[in-house]
Amino acid sequence: MSGSPIGSATTRIDARLKVTGGAVYAADNNPTGLCYGYLVLSTIGKGTVTAMDTSAATAAPGVLAVYTPFNPLKLYAYGGDENDEPNPPLQDKNVRYYGQVIGLVVAQTFEQARDAAELVTTTYSSQTPTTSFPNAPVVPHTATVSQTYTTSIVHHHAMEPHATVASWSNGHLTIYTATQGTPLVVSRMANALGVASGNIHVINPYVGGAFGGKWGNWAHTPLTAAAAQALNKPVKTVLTREQVFTVVGHRPMTSQTVTISASPDGTITALTHNGTASKSNASNFTENPATVSTTGYSAGKITTNKTTVDLDVPATTIMRAPSEANGSFALECAIDELAVALNMDPLALRQKNYASTVPGGTKPWSSKHLAECYTTGASAFGWSKRNKKPAQVLDGDWYAGLGMATAIYQASRSNATLKVRLQSNGTALVAGTGSDAGTGQATVFAILGAAALGIPVAQVTA
């Protein structure tokens, strides 16, 4: 093969399958003898389940089983701290948040399982949940700008709903599931089910949007696998849109106070970022939104603080730039307000405080091209020609403004292993445990394999 495919235009290997509907996602798998699971969720925000009447559901057409904390599928502790719930579902009667999984109905069809789930009646001993921050403390300041910014809970709602299909054969478990972390599913299921990891095969060629919400191992996956084992039948559980709001985690809410002191020429002399983030009583994940202020700009003194507030809400988890997204919003708003206070161009203020080395030290960046981004972006969008006063430019019925902001996200590397199998017909199979969440990772695997073997990309399957 002449020339390496690396750096050359390459058609995505999954493009035709995806645009024609031929790509098989987790919920598209239908093994022989398949039955369907449907989750039962709590309707209180905190308390204890004291009773569940499942008699009508059990007697409903097509129902094979109804599992509750009073008739649980046995699951063991997952082990390890991940960005999900550490407690397997149905192993106790405590309700930690509204919409928590408290039951699973399995039936011959999805509709039968859904209808039977509506017949389950639950009695609770309720407590008053804490679902919002207390009044934020007043932060004393003498700086040029000091403001408090809040962000609300944000939910993951990818086009593909969370789903798991599980089947057993001779003690071996096969799982088709929507996940960003195939090895995590293997380890979680091995611990939860008491099965050797070598007996678990997780298949996940396509992910229809993930964004962090498909990293953790959520309640429907171990329940589906355990139900399939108990019934000796393949089971499929697909979350509804409503269930996604509570079962699979969300970005925490935050309250952040940013205080900035600067000299008249715009040089930042001190920056304090106090970040408060919510944490679910049902999970261990927390954010530190103030972290972004340790790398964003050069300053004479940078102080950051983290406060966590435990709430009776669904699990908090990672979502697209965890900590940085919320933290950047507050920091960048404060920088803009400082620019107004100084009567200074917001871009010029950022350029004035550009961090050529890691703030607070002399350690250089491995790479940083933010200065070029500023220049290129300003030129492309006509920044110098903008009207600097707000609410001056009409675009039809709307006022139009032009703003800018800085975003930085660290790059990291870790070990990875790929398996390459050469076929007798001259093609190759490249396999790994990384999931393709729609960003083209499978195509990258094929390109790397083709480059290493000296064959065309079309002869590589990834």
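Name the strands (runs of 3 or more DSSP E) wholly within region 89-181 that hold at least 2 residues that are farther than 23 Å from R320 by Cα and of a type in the set (S, T, N, Q)? So the answer is 121-126, 145-151, 163-169. Counting only residues that are of a type outside the set (A, V, I, L, M, F, W, C) and surrounded by 21 or more Cβ atoms within 10 Å (Cβ to Cβ), region 329-341 holds 1 of them. So, in region 189-214, exactly how many residues are part of a loop (DSSP other than H, G, I, E, B) and either open to solvent by 50 Å² or more (accessible area, probe 1.4 Å) or on the phi > 0 side of the Ramachandran plot (or both)? Of the residues in that region, 6 qualify.
Just so you know, in region 342-389 the residues that are over 32 Å from the mean Cα position of the chain (by Cα) and of a type in the set (K, R) include one that is surrounded by the most Cβ atoms within 10 Å (Cβ to Cβ), and it is K352. Residue-level analysis places A371 among those that are over 22 Å from A270 (Cβ atoms) and not in a loop (DSSP other than H, G, I, E, B). Within region 424-455, the set of residues being at pLDDT 90 or above and farther than 20 Å from P5 by Cα comprises S424, N425. Determine whether region 77-87 contains at least one residue that is aliphatic (A, V, I, L, M), part of a loop (DSSP other than H, G, I, E, B) and at pLDDT 95 or above. So far as region 77-87 goes, no, none of its residues is aliphatic (A, V, I, L, M), part of a loop (DSSP other than H, G, I, E, B) and at pLDDT 95 or above.
Just to check your reading of the model, which residue among N232, N281, N274, N288 is on the phi > 0 side of the Ramachandran plot and open to solvent by 10 Å² or more (accessible area, probe 1.4 Å)? So that I can check it myself, show each step before the final result.
Numbers: N281 fails: on the phi > 0 side of the Ramachandran plot; N274 fails: on the phi > 0 side of the Ramachandran plot; N288 fails: on the phi > 0 side of the Ramachandran plot.
Only one candidate passes the filter, namely N232.
Within region 4-52, restricting attention to residues that are polar (S, T, N, Q) and touching a Lys or Arg at 6+ places or on another chain (Cβ under 9 Å), the residue that is nearest to G62 (Cα to Cα) is N30.
Looking only at residues of region 416-445 that are touching a residue at least 24 places away in the same chain (Cβ under 8 Å) and farther than 19 Å from Q180 by Cα, we find that the one that is least open to solvent (accessible area, probe 1.4 Å) is A428.
The values are calculated or read from the model by the stated rules, or taken from the named source; none is laboratory data. In this text the structure is predicted, and so the values were computed from the model without any measurement. Note: ideal-geometry Cβ built from the backbone for every residue, glycine included; neighbour counts use all protein chains shown. Keep in mind that these areas ignore ligands, DNA and RNA; they rest on the heavy atoms of the full protein, side chains included. Shrake-Rupley method; radii C 1.70, N 1.55, O 1.52, S 1.80 Å.
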